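Here the structure is laid out as structure tokens; the discussion comes afterwards.
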Amino acid sequence: MRAASAAGAASAAGTAPGSAGSAVRRFLTLLAVVAVPVAEIWLFGYLGKTYGWGVVIVAAAVQFGIGLAMVPRAMRAWGAAIERASADPGWANTGFGPAMGNAGLLFAGAVMMIVPGFITGLLGLLLIIPPVRHLVQRIGRGRIDQAAAARGYERVTVIEGETVTGHPAP
């Protein structure tokens with residue numbers, strides 16, 4: 001059972017289990033999980049010694065507050081996208097993905113600002129800025145389309161209407 005789930009996860013990631021790509025991906029994930037907290041702690045200490053602990057704690061509190069203020073904004077954007085999709089099925093097929101991606105990236109940015117640390121806070125702040133968020137969304141959409149095409153999916157356009165089968169009566 002465990003081998004089957006590992007094989008499924010690896011095939012979903014695009015690499016075969018035990019392949020060099022899979023090992024590199026696991027190593028990079030482990031490195032990120034270990035390196036980011038270590039870098040956050042080091043940077044916090046460095047800034048505290050350089051600028052004073054009071055300034056660093058106030059900056060962390062301001063970052064936290066901005067993150068908390070962004071969560072309701074992201075939730076409103078998410079709710080508006082869901083409301084519009086339920087009211088207009090045609091929009092759900094064309095505009096729903098980008099609107100939900102925009103709200104999701106705004107929420108991710110807010111959460112990254114809430115998480116203690118200046119590195120994640122800076123990345124979160126970048127995601128809150130609309131032009132950066134749209135750039136990340138455009139890059140992500142291209143990667144998602146490539147991954148879907150590699151698995152045999154294709155983007156289709158749905159036009160609402162009536163399907164007529166056979167020959168219409170004269």
Considering only protein heavy atoms, what is the solvent-accessible area of Met75 at a probe of 1.4 Å, reported in Å² to the nearest 10? 100 Å²
Might you work out the accessible area of Asp88 for me, using a 1.4 Å probe with all protein chains in place, and round it to the nearest 10 Å²? 70 Å²
Can you pull out the chymotrypsin sites (Phe, Trp or Tyr not before Pro) in the stretch 39-119 whose DSSP state is coil and whose Cβ has at most 15 other Cβ atoms within 10 Å? none
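The values are calculated or read from the model by the stated rules, or taken from the named source; none is laboratory data. Treat the numbers as computed from the prediction; the structure is a model and nothing was measured. Using ideal geometry, Cβ is built from the backbone for each residue, glycine included, and neighbour counts are taken over all protein chains shown. Heavy atoms of the whole protein, side chains included, go into the accessibility calculation; ligands, DNA and RNA do not. Shrake-Rupley method; radii C 1.70, N 1.55, O 1.52, S 1.80 Å.
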